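Read through the structure below, which is laid out as C-alpha cells, and then see the notes.
The values are calculated or read from the model by the stated rules, or taken from the named source; none is laboratory data. All of these numbers come straight from a predicted model, not from anything done at the bench. Every residue, glycine as well, gets a Cβ built from its backbone with ideal geometry; the counts of neighbours run over all protein chains shown. To get the accessible areas, we keep the full protein, side chains included, count just its heavy atoms, and leave off ligands, DNA and RNA. Shrake-Rupley method; radii C 1.70, N 1.55, O 1.52, S 1.80 Å.
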Amino acid sequence: MVKKKNSNTMWGGRFGTGPAEIMEQINASIDFDWQLYAQDIAGSKAHAEMLAIQGIISSQDGVSITKGLDTILSQIEKGTFEFSRGLEDIHMNIEARLTELIGDAAGRLHTARSRNDQVATDFKLYVRDAIDRLDGLLHGLQLALSEKAAQYAGAVMPGFTHLQSAQPVTYGHHCLAYVEMSNRDRGRFQDARKRLNESPLGAAALAGTSFPIDRDMTASALGFDRPTANSLDAVSDRDFLLETLSAASITAIHLSRLAEELVLWSTPQFGFIRLSDQFSTGSSIMPQKRNPDAAELVRAKAGRIIGALTGLMVVMKGLPLAYSKDMQEDKEPFFDAIASLELAIAAMTGMVADLEPDLKKMKQAAGASFATATDLADWIVRVLGKPFREAHHITGALVALAESKRVPLHRLSLADMQHVEPALTEDVFSVLTVASSVKSRKSYGGTAPANVRKQARKWLNRLARESKNAD
Ligand code: ARG
C-alpha cells in the first residue's frame, strides 16, 4: 500500500507517514463541518481573549490571533478560503490558515483546549442559532394560520374521526388546532435551548486542564448561561442534538399531518380547497391534473427528519465516555434535518396563506352523513331528560330511518320521527342544521364561531406582541 510521505501537521508528531487515501476519506469531515466556521471562529476568539486576560498567552499573541481569525472569517465569507481535506475538519483548517497568517502565535491558541470541547461548543452555538431561526419560522406559520382562523371562524366543514364525518366544526377551528401544536413545538425547542445553553469550552480533551483558565468568562462571552459542570459529560454527550431533533421530528409530524389533509382536501373527491398555482404542479401527461407536490414533500420531509433522530440515537447508544469519533457522524443528518424542517415550515406557511377554501363544498359535506346526530341526542337529553345512552339509541334509530328514506335528518317529518320517539317536538329541528350545531359548541375550546373568533384574536395579538418584542 502506498503511504503518503507527509504526516498531518496538526497531530503528526509521532507519525512517520501520512494516512492512507481511504483513511483520509473516511476521517475527513470538512466537506460538511465547514458550516461551523462562524461558530468555530467565535469560540476561538473567546478562548484567545480569555487566555490573554489570564496571562496564559501574551496579550500581543492574543491580539494577533483575534485579528487573524477575523481575516479568516472574512475570507470564508467571501469564498476565497481554500478548505483542505488533508486538514480533516473545520477546526484544523482554520488553525492551519491562522498559522500561515500570523506564524507561531497561532500555535498558542490551542492551549488548554481540545477539538473535543471545541466541536461541542461550536455545535451548541450552531444549534442555538438554528432554534432561533425555527422559532421565527414557526411564528410565521402560526400567524398565517391565525389569520385564516379569524377570516373563517364561522365557515363550517365536517370534523372527522376515523376519517369519517363526525360532527361539524369550523375551518377556523381546524386552523387553530395547528396553531396550538406549533406553539408546543416552539416550547419544545425553547426547552431544548435552555438545557443546552452551557459552555463545554475548557473541558479540554476530557479531563479539564491544568492551566488557570476562566470558563465563566468564555461562557458569558459566547452567550452561554454557565460552563458545563463535568468535563467528561461536556465532551461526550450529544443529547442537545437528540433533544433538538426530537423537537424537530414532532414538529415535522405536525406539518406532515396538515400536509396530508391538504393532499386529501385538494382532491376532486373532497374538493374542500384549491391550492394556488404557486404551490401546485401539473402532470407531463395528464393535462387536467393539479398536483399538491409541495404538500406531499412536506409530508415526506418528516421521514428524513425522524431518520436523522433515529440515526443519531443509534450512533450514541453504545458509546463509552468520553469522546469517540463516531460522534462526528452527528453533523450531516442534523444539518440536513434542520434545513429540511426550515424548508417544510416555509412551504407550509406559503400554502396555508395561499390556499382557497371552497366554503360551499365544505358546508355541503358538513351537512352530509348525519353529522348533527350528536346534536339530536344532546337535545333528547336536554329537553326530554333522558339518559344519554337512551338518547343515543333513539338517535341511532332515527338515523337508520333517515338512511332508509335517503334523506338528511332535518328532512324527516315530525310524524316519522314520532314513530321512533313520540315525545319529540318541532323544536328538535332547531338543532339539526350544521350552523346551529357549531354555534352550540360553546364550551371552552369548542368550535363555536364566537369561540374561534376570540381565540384567533388572542393569537393574533400574542403573535404581534412577540414580533414587537423581537424588534
Ligand atoms: N471533527 C471532529 C468531530 O466532529 C472534531 C473532534 C475531533 N476530536 C478528536 N479527538 N479526533 O467530532
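A few remarks follow.
- Simple spin-label estimate for residue 405 and residue 274 gives 3.7 nm between the two label positions (7 Å along the Cα-to-Cβ direction from each Cα).
- Ranked from largest to smallest solvent-accessible area, with a 1.4 Å probe on the protein heavy atoms, 323, 178 come out as 323, 178.
- In the chain, a dipole from Cβ-located charges (positive for Lys and Arg, negative for Asp and Glu) runs towards its positive end, and of 310, 419, 183 it is 419 whose Cα lies farthest in that direction.
- Using the Cα coordinates of region 326-373, the gyration tensor eigenvalues translate into equivalent-ellipsoid semi-axes of 43, 15, 5 Å, sorted from longest to shortest.
- Spacing of the two label points (7 Å from each Cα toward its C-beta) at residue 23 and residue 75, in nm: 2.7
- Charge dipole magnitude, Cβ of K and R +1, D and E -1 - region 131-287, Cα centre, debye nearest 20: 280
- A simple packing score, the average count of other Cβ atoms within 10 Å per residue, orders the peptides 368-377, 306-315, 48-57 as 368-377, 48-57, 306-315, with the highest score first.
- By accessible area with a 1.4 Å probe, ligands and nucleic acids excluded, highest first: order of 209, 121: 209, 121
- Relative to the Cα centre, the charge distribution of region 17-75, modelled as +1 at Lys and Arg Cβ and -1 at Asp and Glu Cβ, gives a dipole magnitude of about 280 debye.
- Sequence-distant residues sharing a close amide H with residue 57 (under 5 Å, placed H): 52
- With the Kirkwood sum run over all distinct C-alpha pairs, region 61-140 has a hydrodynamic radius of 14.3 Å.
- Close amide H partners of residue 169, meaning residues 5 or more places away or on another chain with modelled amide H under 5 Å apart, are 157, 159.
- Amide proton proximity set for residue 274, modelled H, under 5 Å, gap of 5+: 356, 358
- Global geometry of region 1-145, whether rounded, prolate or oblate, following the gyration tensor of its Cα atoms and the 1.5 cut on a/c: oblate
- In the chain the Cα-Cα distances spread across 10 Å bins starting at 0 as 4, 16, 20, 18, 14, 11, 8, 5, 3, 1, 0 percent of all pairs.
- Magnitude of the charge dipole, the chain, Cβ model with Lys/Arg +1 and Asp/Glu -1, debye to 20: 1420
- Heavy-atom accessible area, probed at 1.4 angstrom with all protein chains present, ranks 260, 356 as 356, 260, highest first.
- Using θ = phi - 60° and Karplus 6.51 cos²θ - 1.76 cosθ + 1.60, couplings along region 462-467 (whole Hz; Gly, Pro as x): 4, 5, 5, 4, 4, 5
- Most to least packed among 106-118, 390-402 [average Cβ atoms within 10 Å]: 106-118, 390-402
- Over 24 Å [Cα-Cα, region 164-268], rounded percent: 48
- For the pair residue 289 and residue 470, the difference between a 0.36 nm per residue extended length and the Cα-Cα distance amounts to 60.9 nm.
- Rounded to the nearest whole Hz, the Karplus-based 3J(HN,Hα) values (6.51 cos²θ - 1.76 cosθ + 1.60, θ = phi - 60°) of region 15-20 follow the sequence 9, x, 10, x, x, 4, with x at glycine and proline.
- Principal axis dimensions, region 233-327 - Cα atoms, whole angstrom, descending: 59, 25, 19
- Label-to-label distance for residue 239 and residue 360 is 5.8 nm, based on points extended 7 Å past Cα in the beta-carbon direction.
- Helix-only [θ]222 nm of the chain, DSSP H runs n ≥ 4, -39500 (n - 2.57) each, per residue, nearest 500: -20000 deg cm²/dmol
- For region 238-394: rounded, prolate or oblate by the Cα gyration tensor [a/c cutoff 1.5]: oblate
- Each residue of region 380-397 was assigned a 3J(HN,Hα) from its phi angle through the Karplus curve 6.51 cos²θ - 1.76 cosθ + 1.60 (θ = phi - 60°); the sequence is 4, 5, 5, 8, 8, x, 7, x, 4, 4, 5, 4, 4, 5, 4, 4, x, 5 Hz, with glycine and proline shown as x.
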